[in-house]
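Worksheet: one structure, shown below.
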Amino acid sequence: MANEEILLEVNNLKKYFPIKGGVFGRVVGNVKAVDGVSFYVNKGETVGLVGESGCGKTTTGKVVLRLEEATEGEILFEGRNVLELGREEMRSLRREMQIIFQDPYSSLNPRMTVGNIIGEALEIHGLARGKAKEKKVKELLEVVGLTAHHMRRYPHEFSGGQRQRIGVARALAVDPKLIVCDEPVSALDVSIQAQVINLMEDLQKEFDLTYLFIAHDLSVVKHISDRIAVMYLGKIVELADKAALFKKPIHPYTQALLSAIPIPDPAIKREKIILKGDVPSPVNPPSGCRFHTRCPYVMDICKTEEPEFVDWGDRHFAACHLEEGAPEREVL
Ligand code: SF4
C-alpha cells in the first residue's frame, strides 16, 4: 500500500523538439511534446500515465530519467533536482531510476546472452563481478519466473512475455527505487499481459518499488495503478485516485477513454464515445482548451481560455470549463 512520502516530483516540465528549416537550418518552430506537466509519485505507489499515441507520455518518462533533456521545469527525486546533477551524480542516480521498455524484441541486445544482458548492469555500477555476479543473475532470473538455465541463451530463443521478464530482471538488477514502465505490455498478447502485470505487482511488494506506468489504454493501468494521470497533447488533463477516476471522470477526454474499455458482462452495455477528428499537431496546439476541437461538450469559452488544472475535491484534479465536469453517461 502506498504511503505518503514523495519519491518523485515533477513541476511544470516541458520538452520541446525544435523544427529546423530553410537554408541556414534555423529553428522555425517546436514540437511541444510535453508542455507544462506536473505530478508526483509517492514511495511504493504506482501512477499510471495514460493517453493516445503522441500525447507526450513516453517523452515525459524519458525526460524524468534524463534519457532526453528537459526544455524547462523541475524534476525532484528524493528532493534532489535531477536536472542540476552532473554526469557522475547522474550515473549513480541512474541506478535508482530504471526503465522497462515497450518492445521486448528490440530492447535486448540480440548478440548478448541473457546472463550478460542482466549482468552488464551489475558490472557497470560495480555491484558484482565473477561468481557473485553469476549468482545474482541466477537469483534475478528466478525472481521473474525464469530459471538459471536461461542464462546462456540468447533473446531470440524466448517468447515476447519471457523477453519482457528478462527486461524486468535487468531493471531489477541494480536494486532501483523507481521504475518507469514504458508500455511494458503493449507489444504482448492479451493473455500474456496479465501475467507480466501480475509479476510486476508481486515484485513491487517484494522489493518496495515505485512505478510510473505508461500506457495508451486505461484497461492496462486499471489494475496496477493507485492513481492515474490522463495526458492529452502534452498536458495532463485529469489526475485522480483510480477509483474516483473510474467512478466519475471529470474531463470529457477521460470519459471517452473509459468508454472504450470493454465491459466483461455481456448484459451491461456502454456506448463507446467516438471522438471526432485526429489529435491536433503538437507544433501548433489549439487555443484555449487543447481538447476543444474534439470535445462533445465544447463551449465558446473553451476556444479562447485555457482551463486551469485544479483540485475538484479529494485530490481529484482536472482542467475543464464544465461546471459539473463531463455529464454522467447511462450504462444500460
Ligand atoms: Fe471540453 Fe471545454 Fe472542458 Fe475542454 S474545457 S474538455 S473543450 S468542455
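The values are calculated or read from the model by the stated rules, or taken from the named source; none is laboratory data. Only a predicted model underlies this, so the values are computations on that prediction, with no experimental measurement involved. Here the Cβ is made from the backbone with ideal geometry for all residues, glycine too, and neighbour counts use every protein chain on show.
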Within the stretch 90-139, residues over 23 Å from Arg80 (Cα atoms), within 28 Å of the chain's Cα centre (by Cα) and small (Gly, Ala, Ser) come out as Ser106, Ser107, Gly115, Gly119, Ala121
Mind checking which residues of the stretch 1-40 are over 22 Å from Leu233 (Cβ atoms), of a type outside the set (Phe, Trp, Tyr) and out of contact with any Lys or Arg (no Cβ under 8 Å at 6 or more places or on another chain)? Met1, Glu4, Leu8, Glu9, Gly21, Gly22, Val23, Gly25
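Identify, from the list Tyr253, Tyr232, the residue that is in contact with a Gly (Cβ under 8 Å, 6 or more places away or on another chain), among the aromatic types (Phe, Trp, Tyr), farther than 22 Å from Ile6 by Cα and in contact (Cβ under 8 Å) with a residue 12 or more places away in the chain.
Step by step, each of Tyr253, Tyr232 is checked, and only Tyr232 is in contact with a Gly (Cβ under 8 Å, 6 or more places away or on another chain), among the aromatic types (Phe, Trp, Tyr), farther than 22 Å from Ile6 by Cα and in contact (Cβ under 8 Å) with a residue 12 or more places away in the chain.
If I ask for residues that are out of contact with any Pro (no Cβ under 7 Å at 6 or more places or on another chain) and over 29 Å from Glu4 (Cα atoms), which ones from the stretch 292-323 would you list? Explain how you work it out, then say what you get.
Keep residues of the stretch 292-323 that are out of contact with any Pro (no Cβ under 7 Å at 6 or more places or on another chain), which gives 294, 298-318, 322-323.
Hits for the stretch 292-323 are Arg294, Val298, Met299, Asp300, Ile301, Cys302, Lys303, Thr304, Glu305, Glu306, Leu322, Glu323.
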When you go through Glu69, Glu123 one by one, which is the residue that is charged (D, E, K, R) and at pLDDT 95 or above? Glu69
Taking the stretch 225-254 and keeping residues β-branched (Val, Ile, Thr) and either touching a Phe, Trp or Tyr at 6+ places or on another chain (Cβ under 6 Å) or over 15 Å from Glu45 (Cβ atoms) (or both) leaves Val230, Ile236, Val237, Ile250, Thr254
Looking at the stretch 165-267, what helices (runs of 4 or more DSSP H) fall wholly within it and have at least 2 residues that are in the same structural domain as Ala70 (by TED's automatic domain parsing) and of a type in the set (Phe, Trp, Tyr)? none
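Please tell me if Leu127 is surrounded by fewer than 19 Cβ atoms within 10 Å (Cβ to Cβ), touching a Gly at 6+ places or on another chain (Cβ under 7 Å) and in contact (Cβ under 8 Å) with a residue 40 or more places away in the chain.
So Leu127 fails the test.
Mind checking whether some residue in the stretch 208-222 is out of contact with any strand residue (DSSP E or B) (no Cβ under 9 Å at 6 or more places or on another chain), away from the ligand (no atom under 15 Å from the Cβ) and without any contact (Cβ under 8 Å) to a residue 24 or more places away in the chain?
Checked the stretch 208-222: no residue is out of contact with any strand residue (DSSP E or B) (no Cβ under 9 Å at 6 or more places or on another chain), away from the ligand (no atom under 15 Å from the Cβ) and without any contact (Cβ under 8 Å) to a residue 24 or more places away in the chain.
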Please state which one of Ile118, Ile214, Ile166 is surrounded by 16 or more Cβ atoms within 10 Å (Cβ to Cβ) and within 27 Å of Ile236 (Cα to Cα). Ile214
Residue satisfying condition, being more than 12 Å from the ligand (Cβ to nearest atom) and within 26 Å of the chain's Cα centre (by Cα), within set Pro266, Pro249, Pro285, Pro307: Pro285
